[in-house]
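Since the structure comes first, as structure tokens, the remarks are kept for the end.
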Amino acid sequence: MKISFPHMGHSYVALKWLVENTGHECIVPPEPSSRTLDLGVRHSPEFACIPFKILMGTYLEVIEKGAEVILTSGSKGPCRAGLYWVMHQYILEELDVGVKVVAFEPPLCDLKDFFQKIRWVRKTGGLSLKEFVQVLRVTWEKLKAIDEIEKLSHEIRPYETNRGETTRKLWQALDMLDAANNEVDVEDALQEGQKLLQGVSQDRSRNPLKIGIIGEIYVVLEPAANHYIQIMLGEMGVLTDRSIYLSSYTSKNTIENREGDVLEVAKPYLGEAPIGGHGANSIGETILYAQNGFDGIVQLAPFACIPEIVAKSIMPAVSRDHGIPVLTLFIDEQTSKAGVQTRLEAFVDLLDKRRQVKAKRGIERLVI
């Protein structure tokens, strides 16, 4: 079968290997572009959020390349994203394109459904259970390595002396991980990639601002949706930390629920009421970033995303109580890179002046 999947950050490197090594042909989804969004907007409900529209456009693009099956994920909780795949399937049936959408619900939500679909992928590819488990192991190692490499790039970029060097080394490291074919190869590629990045010319005398990135999972993980915000901030000299990586998110939703700490610190602002999506996480992560000395927060959210709208309404109280500024960016098909960059530059200037004022007050107290 010709199988494809949504484009979400650099995860396609691992997912391509998974599909190809389960005996199927992989149709690698292209990075979302203006054409992707145009297709998605044309065939989506007007008030659907941007992740829905980008995924719709991506599915139509991979269908043009011959995809017969699209693997995606469902979700639990009140967020609408859990039903997006149903709507996508309905629209694709209306368009009569002859493709099947297979959604994997989180095992912690529906264990039977998850394993039935895993078994279907294995059986249609003709793999034994032992072979399939080995493929999953390598895929998982690739996914973790991709996230480790990306994290390291964001830690190094604000110190680089030659603008863009970190990003170029990141692409090289990802290419090496793409070529890895077993667990040993993945580990070797990870180490080589780390050496490449650590070899970037750096000025460690800098004291960069620290900004936490929070929000809805798709617009946080897909750089094409958020206009490569972490690279943009890194090249402004800002150290960024992202609250969500696909490997950690997958672990939380397939192995065990380990979001207790984040949700616990958010409780005073939310009580027991679930707000769906990553809304509660956005509140809790803002508090944790404040406790860990971060200078500011950027909240990324699709336009009309109810969980993040609820979180934004609570943010002024969180910001005041914990002394951390928060910039919320709502993203839709009208959002431009120039607009995002202008707002980020203003926010970074504000944080820099705030840091200077705090430092001056600290010196005055010492003198007194």
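Nothing in this text is a laboratory measurement; each read-out follows from the coordinates by a stated rule. Remember, predicted model here, so these are calculated numbers, not experimental data. Cβ placement follows ideal geometry from the backbone for every residue including glycine, while neighbour counts extend to all protein chains displayed.
Here are the numbers:
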{"read-out": "The chain: relative contact order in percent, alpha carbon pairs under 8 Å with at least 6 residues between", "value": "16 percent"}
{"read-out": "Volume of the Cα convex hull of the stretch 2-127, divided per residue and given in Å³", "value": "106 Å³"}
{"read-out": "Rounded FRET efficiency, nearest 0.05, which uses the C-beta distance separating Ser34 from Leu129 and R0 of 45 Å", "value": "0.55"}
{"read-out": "Where only C-alpha atoms are counted, convex hull volume of the stretch 135-206 per residue in Å³", "value": "62 Å³"}
{"read-out": "The chain: DSSP helices with Cα axial extent of at least 18 Å and average Kyte-Doolittle hydropathy no lower than 0.0", "value": "50-64, 279-291, 306-322"}
{"read-out": "Estimated FRET transfer efficiency when R0 is 45 angstrom, pair Arg361-Thr161 (beta carbons, to 0.05)", "value": "0.90"}
{"read-out": "Label assignment, semi-axes √(5λ) of the Cα gyration tensor in Å derived from the structure, set [x] 36, 25, 20; [y] 37, 21, 18; [z] 50, 24, 21", "value": "[x]"}
{"read-out": "Cleavage-rule hits, chymotrypsin sites (Phe, Trp or Tyr not before Pro), the stretch 1-50, DSSP coil, Cβ neighbours within 10 Å at most 16", "value": "Phe47"}
{"read-out": "Where labels lie 7 Å past Cα in the beta-carbon direction, separation of Trp120 and Glu187 in nm", "value": "3.6 nm"}
{"read-out": "The chain - mean residue ellipticity at 222 nm from DSSP helices (-39,500 (n - 2.57) per run, n ≥ 4, rounded to 500)", "value": "-19000 deg cm²/dmol"}
{"read-out": "Restricting the stretch 26-79 to GluC sites (Glu not before Pro) in coil, as DSSP defines it, with at most 14 other Cβ within 10 Å", "value": "Glu46"}
{"read-out": "Bins of 10 Å, starting at 0 and running to the largest distance - Cα pair percent for the stretch 183-242", "value": "19, 34, 37, 10"}
{"read-out": "Rg ratio (alpha-carbon, reference 2.2 N^0.38 Å) - the stretch 208-367", "value": "1.06"}
{"read-out": "Neighbour-count order for Ile283, Ile306, fewest beta carbons within 10 angstrom listed first", "value": "Ile306, Ile283"}
{"read-out": "Computed label-point distance, nm, for sites Lys100 and Lys151 using a 7 Å Cα→Cβ extension", "value": "3.7 nm"}
{"read-out": "Calculated on alpha-carbon atoms, Rg and Dmax of the stretch 306-368 in Å", "value": "16.0, 54"}
{"read-out": "Least to most buried among Glu94, Glu183, Glu165 (fewest other Cβ within 10 Å first)", "value": "Glu94, Glu183, Glu165"}
